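Step one of this worksheet: look at the structure below.
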Amino acid sequence: MRGLITIFSFLLIGVLTAFYIGFGLQESREPRAIDMELEGLNEKYLLRFSHVVAENTPKGIAASMFAQLVREKTDGWVEVQVFPNAILYEAQDEFDALMSNDIHIIAPALSEVTVLDPRWLVMDLPYVFQDEQMVETAFNGKIGELLFESIEEYGLHGIAYWDNSFKQFTNNVRPVVVPEDIEGLTVRVMPSDALIDTYRALGAWTRLFPFNEVYDVLSTGIIDGTENTLSNIYSKGFYRQQKYMTLSNHNYLGYAVFMNRDYWDSIPVDYQNSIIEAMDEVTLWLRDHSKVINEEMLNRIKNSGQVEIHYQTEAERSLWKQSFKPIYEKYGRIIGEELMKEVIKLQEATP
């Protein structure tokens, strides 16, 4: 009996040894194939998107559309939660929150970026763009490329430029037709040195208030006027607190969509591609529809009968541009030669 047990044990050890030699060592010699692009695809990603405008504005609509498209393109593995109307953060606070990953996507107005990087002041030079086509050329060309390169220094990753429209001037004191009409008015502007100096050059006072406080400071008379797009003037009810509006198109109000660069790099490539695809679709849609939305808002403001509207003529526009030559001289040095050369090239190429 003991002999049988010994023989059986010997045979079992032999089988196990053969299995180890025949299979185990063979497996260890073969490299394991790992697809790094698929790593992390079984994890769900939640992206918090903070912005400061109303949901029915071009940016607000675009943010909601983007969230829906990302969900569809990733089969729900990437979810974008949108927080409008500065629910989470005011405009300048968004940058710190993004850098610390408390939020993951922001779309600040171009003027807001100038506080972080003065090269972005190029977008706030008065009358730098003639029309929407010129803005699109700037975004898609060397100017847009240089600005996104500059923001990488601050740990941010630029995803897209979003359109809104040109800014108009409103106030509660008098019609503004010529540059002298601005003198003595107190105007709310965004925190951009170029915008501040633009009004100071005309003898106006400037005040900085968060976007969602503008209605209150208009209604209490702390400021006389402000500048903004027609969609914001209507959606935030600014027109109810203003008697006069000049359709001047003196500055363009667009947005830059940013993510934290390190967080962006942590997202699997397949999901990155889906996010970019969704962003491209929304950007194209916004380019086509922002003008339509702003035209609709202008009609609503006109139909309200609460605002006297002046349409700036080409002759008046030339007069205003002459007044701002010192602004170009001062900020051209701050913005830098490379960007200013591209601006001049773009202006010369525009009829």
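The values are calculated or read from the model by the stated rules, or taken from the named source; none is laboratory data. Bear in mind that the values here come from a model prediction, so they are computed numbers and not experimental data. With ideal geometry, Cβ positions are generated from the backbone for all residues, glycine too; neighbour counts draw on all protein chains shown.
Quick check on region 293-315. Is at least one of its residues more than 20 Å from TYR234 (Cβ to Cβ) and surrounded by 10 or more Cβ atoms within 10 Å (Cβ to Cβ)? Yes, region 293-315 contains a residue that is more than 20 Å from TYR234 (Cβ to Cβ) and surrounded by 10 or more Cβ atoms within 10 Å (Cβ to Cβ).
Rundown of residues vs (1) at pLDDT below 95; (2) more than 22 Å from the chain's Cα centre (by Cα), yes/no style:
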residue	(1), (2)
GLY225	no, yes
ASN228	no, no
ASN249	no, no
PHE258	no, no
TRP264	no, no
ARG287	yes, no
VAL292	yes, no
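Residues in region 188-211 that are under 12 Å from VAL115 (Cβ atoms) and among the aliphatic types (A, V, I, L, M): MET190, ALA194, LEU195, ILE196, LEU208. Cβ separations smaller than 7 Å between residues 6+ apart or across chains give the following pairs from region 320-338 residues that are in contact (Cβ under 8 Å) with a residue 60 or more places away in the chain to residues that are among the basic types (Lys, Arg): ILE335/ARG119; GLY336/ARG119.
Among the residues of region 204-218, the ones that are modelled with pLDDT of 95 or more and either in contact with a Gly (Cβ under 9 Å, 6 or more places away or on another chain) or within 25 Å of VAL135 (Cα to Cα) (or both) come to 4 in all. Among residues belonging to region 74-96 that are among the aliphatic types (A, V, I, L, M) and at pLDDT below 95, point out the one that is surrounded by the fewest Cβ atoms within 10 Å (Cβ to Cβ). Checking each candidate, the answer is ILE87.
None of LYS302, LYS243, LYS236 is free of Cβ contacts under 8 Å to residues at least 60 places away in the same chain, farther than 25 Å from ALA138 by Cβ and basic (Lys, Arg) except LYS302.
Set side by side, the residues VAL128, VAL187 differ, and just one is more than 18 Å from the chain's Cα centre (by Cα), farther than 26 Å from ILE301 by Cα and either crowded, with 16+ Cβ neighbours inside 10 Å or modelled with pLDDT of 95 or more (or both), which is VAL128. I'm checking my understanding of the structure. Among residues of region 144-158 that are surrounded by fewer than 22 Cβ atoms within 10 Å (Cβ to Cβ) and of a type in the set (A, V, I, L, M, F, W, C), which one is nearest to PRO191 (Cα to Cα)? Ranking the qualifying residues of region 144-158, first place goes to ILE151.
Take GLU281 and decide whether it is acidic (Asp, Glu), surrounded by 19 or more Cβ atoms within 10 Å (Cβ to Cβ) and over 26 Å from SER100 (Cα atoms). Criteria not met by GLU281.
Counting only helices (runs of 4 or more DSSP H) that sit wholly inside region 182-287, those with at least 2 residues that are under 23 Å from THR74 (Cα atoms) are 261-266. Take THR220 and tell me if it is surrounded by fewer than 24 Cβ atoms within 10 Å (Cβ to Cβ) and either hydrophobic (A, V, I, L, M, F, W, C) or within 26 Å of ALA86 (Cα to Cα) (or both). Judged against the criteria, THR220 is a match.
From the list MET279, MET259, the one residue that fits, being among the aliphatic types (A, V, I, L, M) and closer than 23 Å to ASN56 by Cβ, is MET279.
If you go through region 159-176 and keep only what is polar (S, T, N, Q), assigned to a strand (DSSP E or B) and modelled with pLDDT of 95 or more, you end up with GLN168, THR170, ASN171.
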